[in-house]
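No value in this document is a laboratory result; all are computed from the given coordinates. Only a predicted model underlies this, so the values are computations on that prediction, with no experimental measurement involved. Positions of Cβ are backbone-derived with ideal geometry, glycine not excepted, and every protein chain shown enters the neighbour counts.
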Amino acid sequence: MIKAIETKLKGCFILEPEIFEDERGYFFESYNHKDFCKAIGQEVNFVQDNQSFSKKGVLRGLHFQKGEYAQAKLVSVLKGRIQDVVVDLRKKSPTFGEHLSIELSSNNKKQLFVPRGFAHGFLTLSESANVFYKCDNYYNKEAEGGIRFDDVSLNIKWVTKNDSINISSRDAMFSFFM
């Protein structure tokens, strides 16, 4: 059983699993298609799973897929701690251009459901982090896009100072939002 909390960005949910703990450790169901769809109130069929390993200070993003290749994602952290950020890119949305920042970790076991039409990125806060996410559409290189993580108009408050953030050369070349 999962608890779904809709965020200020319509269609974007924080998911909290029911965790069973005892002296041996813990158990929880990380994904159940029927319960997940019921909790968020829509049918989502994931077709691709991705994993990344990042060292402390690495920022991946803000990435998105355009048009028919847009992807919804279910993001979780298998090991470590991240600041996960999403930006609403849906032009007809009342929260267009707004962002959400949440800490996801292997300790809190929260997941973030990111609907299609959002940019997504994360910053590694622990010494390293293993991030796992499900996608409802296949990746297409020609449809990829990105926004600069330090875009002034978005005013994202990254936990780490910008001059300590490690980004790829590709991510450094992204355009600004506005």
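Tabulated data
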| read-out | value |
| --- | --- |
| Residue match in the range 24-34 (condition: under 15 Å from the mean Cα position of the chain (by Cα) and in a strand (DSSP E or B)) | no |
| Search result, residues across the range 26-79 that are loosely packed, with under 15 Cβ neighbours inside 10 Å and of a type in the set (Val, Ile, Thr) | VAL47 |
| Meets criteria (over 18 Å from VAL159 (Cβ atoms), assigned to a strand (DSSP E or B), without any contact (Cβ under 8 Å) to a residue 60 or more places away in the chain and within 15 Å of the chain's Cα centre (by Cα)) for LEU78 | yes |
| Checklist (1) of a type outside the set (A, V, I, L, M); (2) in contact with a strand residue (DSSP E or B) (Cβ under 8 Å, 6 or more places away or on another chain); (3) surrounded by fewer than 22 Cβ atoms within 10 Å (Cβ to Cβ) applied to PRO94, failing item | (2) |
| Residues located in the range 156-178, provided they are without any contact (Cβ under 8 Å) to a residue 24 or more places away in the chain and either assigned to a loop (DSSP other than H, G, I, E, B) or exposed (fewer than 10 other Cβ atoms within 10 Å of the Cβ) (or both) | LYS161, ASP163, SER169, MET173 |
